[in-house]
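First the structure, in the form of structure tokens, and then the observations on it.
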Amino acid sequence: MARTARVDAYTARYRKAVHRVRVGLRKSAVDYFRGDGSDWVALAGLFLTIPALLLATLAAPVWFAPEALVLPIVAGGLLLRPASLLGLYAAAAGALIVESAVLGPYTEGMARVTPGTVLVVAACGLFGLLIAQFRARVGVPWRRGGTMLFDLRERIRAQSALPALPKGWHREMALRPAGGQSFSGDFVVAARTGGGRTLEVVLTDVSGKGMDAGSRALLLSGAFGGLLGSLPPHGFLPAANGYLLRQDWDEGFATSIHLVLDLDSGDYELLSAGHLPALQLHAGTGRWEEKSGDGPLLGVYDGAEFHPVKGTLNPGDVLMLFTDGLVEASDRDITEGIDRLTGEADRYVSSGFRGAAWHLIEACAKDVNDDRALLLLTRDP
């Protein structure tokens, strides 16, 4: 009986020890992936590859060239901290010395350690060290850098999502950054306020384009999303202007257009901060009308005033908001670009503009090196 108790106690201790090891390894792996833990696992693995490559080169130098040592060096530049990387480089240099001594002088035949081999390995080591130092200075591990950028991009897209509209209304938006990048200086924030009766949409074009404007657009989209619905409609652009001025950016201006739409009556107000006019298609006449408020750019001077323009979306009408990348180009002025946009948009009248936003960007500004955004709001006949 006592013997059985001792066996059970030993088994319990063994299982507890195994459990602690498993938890520790799992935690180390998770921390390493997130960039929060030590890099000893990667360092140990790369250290082991160096003697493996050394033995393979000595055994079959034709198949395993001395230059194979650049593989752990490049991997170390991506995975290790600068201090750990220096230790890996020392091991690689020792391996080169051993290979040179065992294989003999490079003048006696092929598959030897030549001056070119040393230069290639040293160049790869310098490249890896620069990458590691850059990551250390930025503070974003290689394993998390791509994840962080992906998360930022998805946050911008989530903030630009338009709320669902009641029956009888249709909305869609298309956004294309400059140069096929993932980050854009154009963004949209929208919310339904007044108990869901009012739709507020703000389309903003930050100065610059692509990655240069993407970081500022991310900051502004979060701030504008917090302001929208928290202030009366006429107080939004003055508050946004004050926020931009407080940032004190060298290139800190932006254009913006703010739509306040009553979803019951179709009445709306447009407030503009130096933005291009909106376009309204009147179903009764089939003609496009420019609708633009009056106001300066955001972030230029304090105390700016923004005067709205009013209108009504009747059944069958369409309202289109867009940024200058869609209609402006070096070989034409904005008026010609707007004419081309309305001409292309007329093709989608019969389909109720379903799926038209993306196709309009393709038709009017497919290869333009600028951020492009287009928002369509239609009221069913």
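The values are calculated or read from the model by the stated rules, or taken from the named source; none is laboratory data. Since the structure is predicted, the reported quantities are computational estimates derived from the model, not experimental observations. For neighbour counting, all protein chains shown are included, and Cβ atoms are generated from backbone atoms with ideal geometry for every residue, glycine included. What goes into the accessible areas is simple: the full protein's heavy atoms, side chains included, and nothing from ligands, DNA or RNA. Shrake-Rupley method; radii C 1.70, N 1.55, O 1.52, S 1.80 Å.
Would you tally the residues in the stretch 165-184 being assigned to a loop (DSSP other than H, G, I, E, B) and surrounded by 15 or more Cβ atoms within 10 Å (Cβ to Cβ)? Give the steps one after another, and end with the answer.
Step one: list which residues in the stretch 165-184 are assigned to a loop (DSSP other than H, G, I, E, B), which gives 165-168, 177, 181-184.
The next check asks that each one be surrounded by 15 or more Cβ atoms within 10 Å (Cβ to Cβ); those that pass are 165, 177, 181-184.
Looking only at that region, the number is 6.
Where residues in the stretch 305-325 are more than 30 Å from the chain's Cα centre (by Cα) and closer than 21 Å to Gly295 by Cβ, which of them is most open to solvent (accessible area, probe 1.4 Å)? Write out each step before concluding.
Within the stretch 305-325, the subset more than 30 Å from the chain's Cα centre (by Cα) is 305-318.
Restricting the remaining residues to those that are closer than 21 Å to Gly295 by Cβ gives 305-311.
Details: Glu305: 123, Phe306: 24, His307: 90, Pro308: 51, Val309: 34, Lys310: 139, Gly311: 15 Å².
Checked the stretch 305-325; the qualifying residue most open to solvent (accessible area, probe 1.4 Å) is Lys310.
Which condition number does Leu276 fail, the rest of (1) in a loop (DSSP other than H, G, I, E, B); (2) out of contact with any Phe, Trp or Tyr (no Cβ under 7 Å at 6 or more places or on another chain) being met?
(2)
Considering only the stretch 326-343, state which residues are loosely packed, with under 12 Cβ neighbours inside 10 Å and more than 29 Å from the chain's Cα centre (by Cα).
In the first step, residues of the stretch 326-343 are kept if they are loosely packed, with under 12 Cβ neighbours inside 10 Å; the result is 330-331, 333, 335.
Matches in the stretch 326-343: Asp331, Asp333, Thr335.
If you check Val121 against the conditions, is it at pLDDT 80 or above and open to solvent by 40 Å² or more (accessible area, probe 1.4 Å)? First the steps, then the outcome.
Details: at pLDDT 80 or above: yes; open to solvent by 40 Å² or more (accessible area, probe 1.4 Å): no.
Spelling it out, it is not the case that Val121 is at pLDDT 80 or above and open to solvent by 40 Å² or more (accessible area, probe 1.4 Å).
Every residue in the stretch 73-130 that is farther than 21 Å from Ala59 by Cβ and of a type in the set (Lys, Arg), please.
Arg81
Quick one: Thr285 ticks every box in (1) touching a residue at least 40 places away in the same chain (Cβ under 8 Å); (2) among the polar types (S, T, N, Q); (3) not in a strand (DSSP E or B) bar one, so which box is it?
If we test Thr285 against (1) touching a residue at least 40 places away in the same chain (Cβ under 8 Å); (2) among the polar types (S, T, N, Q); (3) not in a strand (DSSP E or B), just (1) comes out false.
State yes or no: is Asp302 part of a loop (DSSP other than H, G, I, E, B) and either charged (D, E, K, R) or out of contact with any Asp or Glu (no Cβ under 6 Å at 6 or more places or on another chain) (or both)?
Working: part of a loop (DSSP other than H, G, I, E, B): yes; either charged (D, E, K, R) or out of contact with any Asp or Glu (no Cβ under 6 Å at 6 or more places or on another chain) (or both): yes.
So Asp302 passes the test.
Quick one: how many residues across the stretch 191-236 are of a type in the set (Asp, Glu) and over 14 Å from Leu261 (Cβ atoms)? Let's see the steps before the verdict.
Going residue by residue through the stretch 191-236, those that are of a type in the set (Asp, Glu) are 200, 205, 212.
From what is left, the residues that are over 14 Å from Leu261 (Cβ atoms) are 205, 212.
Number of matching residues: 2.
For the stretch 213-265, name all the residues that are in a helix (DSSP H, G or I), surrounded by fewer than 17 Cβ atoms within 10 Å (Cβ to Cβ) and within 21 Å of the chain's Cα centre (by Cα).
Residues satisfying the conditions are Ser215, Leu219, Gly222, Ala223, Gly226.
Based on what the data block shows, is Phe187 surrounded by 20 or more Cβ atoms within 10 Å (Cβ to Cβ), part of a strand (DSSP E or B) and modelled with pLDDT under 95?
Details: surrounded by 20 or more Cβ atoms within 10 Å (Cβ to Cβ): yes; part of a strand (DSSP E or B): yes; modelled with pLDDT under 95: yes.
Yes: the conditions hold for Phe187.
Output the residues belonging to the stretch 55-86 that are open to solvent by less than 60 Å² (accessible area, probe 1.4 Å), part of a loop (DSSP other than H, G, I, E, B) and closer than 18 Å to Leu119 by Cα. Walk me through it before giving the result.
Restricting attention to the stretch 55-86, the residues satisfying the condition of being open to solvent by less than 60 Å² (accessible area, probe 1.4 Å) are 56-58, 60-61, 65-66, 68-70, 72-73, 75-80, 82, 84-85.
Remaining after also requiring part of a loop (DSSP other than H, G, I, E, B): 60-61, 65, 80.
The one that is open to solvent by less than 60 Å² (accessible area, probe 1.4 Å), part of a loop (DSSP other than H, G, I, E, B) and closer than 18 Å to Leu119 by Cα: Ala65.
In the stretch 266-284, what residues are open to solvent by 10 Å² or more (accessible area, probe 1.4 Å) and under 17 Å from Pro296 (Cβ atoms)?
Selection gives Gly274, His275, Leu276, Pro277.
Is it fair to say Val201 is within 18 Å of Arg372 (Cβ to Cβ) and either of a type in the set (Lys, Arg) or not in a loop (DSSP other than H, G, I, E, B) (or both)?
Values: within 18 Å of Arg372 (Cβ to Cβ): yes; either of a type in the set (Lys, Arg) or not in a loop (DSSP other than H, G, I, E, B) (or both): yes.
For Val201, the condition - within 18 Å of Arg372 (Cβ to Cβ) and either of a type in the set (Lys, Arg) or not in a loop (DSSP other than H, G, I, E, B) (or both) - is met.
Can you name the residue in the stretch 288-299 that is within 24 Å of Thr193 (Cα to Cα) and assigned to a strand (DSSP E or B) and is also most open to solvent (accessible area, probe 1.4 Å) among such residues?
At the first step, the residues of the stretch 288-299 found to be within 24 Å of Thr193 (Cα to Cα) are 291-295, 298.
So of that shortlist, the ones also assigned to a strand (DSSP E or B) come out as 291, 294, 298.
Values: Lys291: 22, Asp294: 98, Leu298: 0 Å².
Per the criteria, the residue is Asp294.
Considering only the stretch 345-358, how many residues are of a type outside the set (S, T, N, Q) and either over 16 Å from Thr378 (Cβ atoms) or open to solvent by 90 Å² or more (accessible area, probe 1.4 Å) (or both)? It would help to see each step written out before you state the result.
First, pick out the residues of the stretch 345-358 that are of a type outside the set (S, T, N, Q): 345-349, 352-358.
So of that shortlist, the ones also either over 16 Å from Thr378 (Cβ atoms) or open to solvent by 90 Å² or more (accessible area, probe 1.4 Å) (or both) come out as 347, 354, 358.
Number of matching residues: 3.
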